Amino acid sequence: DAGITQSPRYKITETGRQVTLMCHQTWSHSYMFWYRQDLGHGLRLIYYSAAADITDKGEVPDGYVVSRSKTENFPLTLESATRSQTSVYFCASSAQGVNSPLHFGNGTRLTVT
Amino acid sequence: ILNVEQSPQSLHVQEGDSTNFTCSFPSSNFYALHWYRWETAKSPEALFVMTLNGDEKKKGRISATLNTKEGYSYLYIKGSQPEDSATYLCAFQGGGADGLTFGKGTHLIIQP
């Protein structure tokens, strides 16, 4: 079924470990986004990408790395996980940036112990 | 960091009643305003994307208005039903773009 999928749905990792969250969309949308959701903060933008090989920082990029070698994939890597990165992570895509609606994945719940 | 405020934070409404809530955003450098509905255990789903001052959008019993000069948008729900229970998010995009900035949402509970 077409759409946007995130994996894994749940992940527990230890402080200092590297972890990668995957995001894949089948619409060939140009834009992709990573948000984190924390109690009291709502959704905050980590990184976004306007096209393959183009990425930009959002509001809270520190400690994260992204890449976009193919239009359909936008992985998010935590290079050395910290407890403050415990959160629910949402990937989203849109056809034309912010003039078109965002389509969200189901989220990845990450716990850093 | 852009300031996008939603009020109220939560709202209890009787089934059948109509309700509305507010999203406030910077009035300068406006580009777009989005509304999303977020049901528990699901991901946010788009309701409206609004770009022009005075815009009014409608989807079934839900409608939204936009005032970019004063920096606010209203979301209206007519004849609330239990399935309308959700968190409603607005998100602002200013020109020069760092992606959408989301408000913290209005948590709506429809009581039978």
Completion exercise
Row for region A:1-45, column shape: gyration tensor on C-alpha, a ≥ b ≥ c, rounded if a/c < 1.5 i.e. under 1.5, prolate if a/b over b/c, else oblate; value oblate
Problem - Of all accessible heavy-atom area on the protein assembly as shown, the percent that carbon and sulfur account for (1.4 Å) - result: 45 percent
Problem - Cross-link table A:LYS57/B:LYS59; A:LYS70/B:LYS57; A:LYS11/B:LYS42; B:LYS69/B:LYS104; B:LYS78/B:LYS104, entries beyond 28 Å C-alpha to C-alpha - result: A:LYS57/B:LYS59; A:LYS70/B:LYS57
Exercise for the section: Work from the charge dipole of region A:1-88 (Cβ charges, +1 for Lys and Arg, -1 for Asp and Glu, about the Cα centre) and give the residue of A:ALA51, A:SER69, A:CYS23 farthest towards its positive end. Expected result: A:CYS23
Completion exercise
Mean accessible area per residue over the protein assembly as shown (1.4 angstrom probe, all protein chains present, square angstrom) is 49 Å²
Problem - Relative contact order, percent, chain A [alpha-carbon distance under 8 Å, six or more residues apart] - result: 35 percent
Completion exercise
GNM on chain B, Cα springs under 10 Å; top mean-square fluctuation among B:GLU15, B:GLU45, B:GLU83 goes to B:GLU83
Problem - region A:1-65, relative contact order in percent, only Cα pairs under 8 angstrom and at least six apart counted - result: 22 percent
Exercise for the section: Could you let me know the centre-to-centre spacing of region A:1-38 and region B:59-93, using Cα atoms, in angstrom? Expected result: 28 Å
Practice task
Could you work out how far apart the two model spin labels at A:THR82 and B:GLU45 are, taking each label as a point 7 Å from the Cα in the direction of the beta carbon, and quote it in nm?
Solution key: 3.8 nm
Fill in the blank from the handout: One finds the C-alpha centres of region B:3-18 and region A:81-111 to be spaced, in Å, by 25 Å
Exercise for the section: Along Cα→Cβ, 7 Å out, is where each label goes; now give me the distance between the ones at B:THR65 and B:GLN14 in nm to one decimal. Expected result: 2.5 nm
Handout entry: chain B - convex hull of alpha carbons, volume per residue in Å³
Key = 92 Å³
Handout entry: Unit charges at the beta carbon, dipole of the protein assembly as shown: most positive-side option, B:ALA46, B:PRO26, A:HIS103
Key = A:HIS103
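The values are calculated or read from the model by the stated rules, or taken from the named source; none is laboratory data. Source: prediction; values computed, not measured. We place every Cβ from the backbone using ideal geometry, glycine too, and count neighbours over all the protein chains shown. With ligands, DNA and RNA removed, areas are computed over all heavy atoms of the protein, side chains included. Shrake-Rupley method; radii C 1.70, N 1.55, O 1.52, S 1.80 Å.
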